[in-house]
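Just below is one structure, and these are the notes that go with it.
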Amino acid sequence: MTFLRACALSDLQEDVPKRVDLNGVPVSVVRTDEGVFAINDICSHANVSLSEGEVEDCMIECWLHGSSFDLRTGKPSGLPATKPVAVYPVKIEGDDVLVSVNQES
Ligand code: FES
């Protein structure tokens, strides 16, 4: 599994998503009181950037139609989205936030 540097931990404000591009994959990195999570930045319902939405209780809300996705699992909590969004493993090394966007486990 290859981890790429996404950003500095000190750049992340709690519950404020940061969009990064990792090998062409748009990723939203979010620091919460449960840890740091990385989720694909595109809503599973339409082509909308999740990092423009709000985060609360480890859920990121799509601003367009209001589905929220669990940052731990990528699963939507309710309609209109029905499919999960990919989530990615995160490692913290010093002040570096590292994310693995390759799909093989
Ligand atoms: S585009 Fe995200 S819920 Fe519709």
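Here are the numbers:
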quantity	calculated
Those residues of the range 49-76 which are of a type in the set (S, T, N, Q) and either in contact with a Lys or Arg (Cβ under 6 Å, 6 or more places away or on another chain) or more than 21 Å from GLU14 (Cα to Cα) (or both), in sequence order	SER51
When residues of the range 55-70 are limited to those that are touching a residue at least 24 places away in the same chain (Cβ under 8 Å) and part of a loop (DSSP other than H, G, I, E, B), the one farthest from the ligand (Cβ to nearest atom)	CYS58
Hits in the range 10-25 (condition: crowded, with 16+ Cβ neighbours inside 10 Å and not charged (D, E, K, R))	LEU12, PRO17, VAL20, LEU22, VAL25
Residues of the range 1-15 that turn out to be under 20 Å from GLY74 (Cα atoms) and out of contact with any strand residue (DSSP E or B) (no Cβ under 7 Å at 6 or more places or on another chain), as a count	1
In the range 31-54, the residues that are part of a strand (DSSP E or B) and either within 16 Å of the ligand (Cβ to nearest atom) or surrounded by fewer than 16 Cβ atoms within 10 Å (Cβ to Cβ) (or both)	GLY35, ILE39, ASN40, ILE42, SER49
Tally of residues being in contact with a Phe, Trp or Tyr (Cβ under 9 Å, 6 or more places away or on another chain) and in a loop (DSSP other than H, G, I, E, B) across the range 71-101	10
Within the range 20-66, tally of residues that are in contact with a Gly (Cβ under 6 Å, 6 or more places away or on another chain) and farther than 26 Å from MET1 by Cβ	3
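Here, each number is a calculation from the coordinates, and none is a lab measurement. Given the structure is predicted, the values throughout are model-derived calculations rather than measurements. We place every Cβ from the backbone using ideal geometry, glycine too, and count neighbours over all the protein chains shown.
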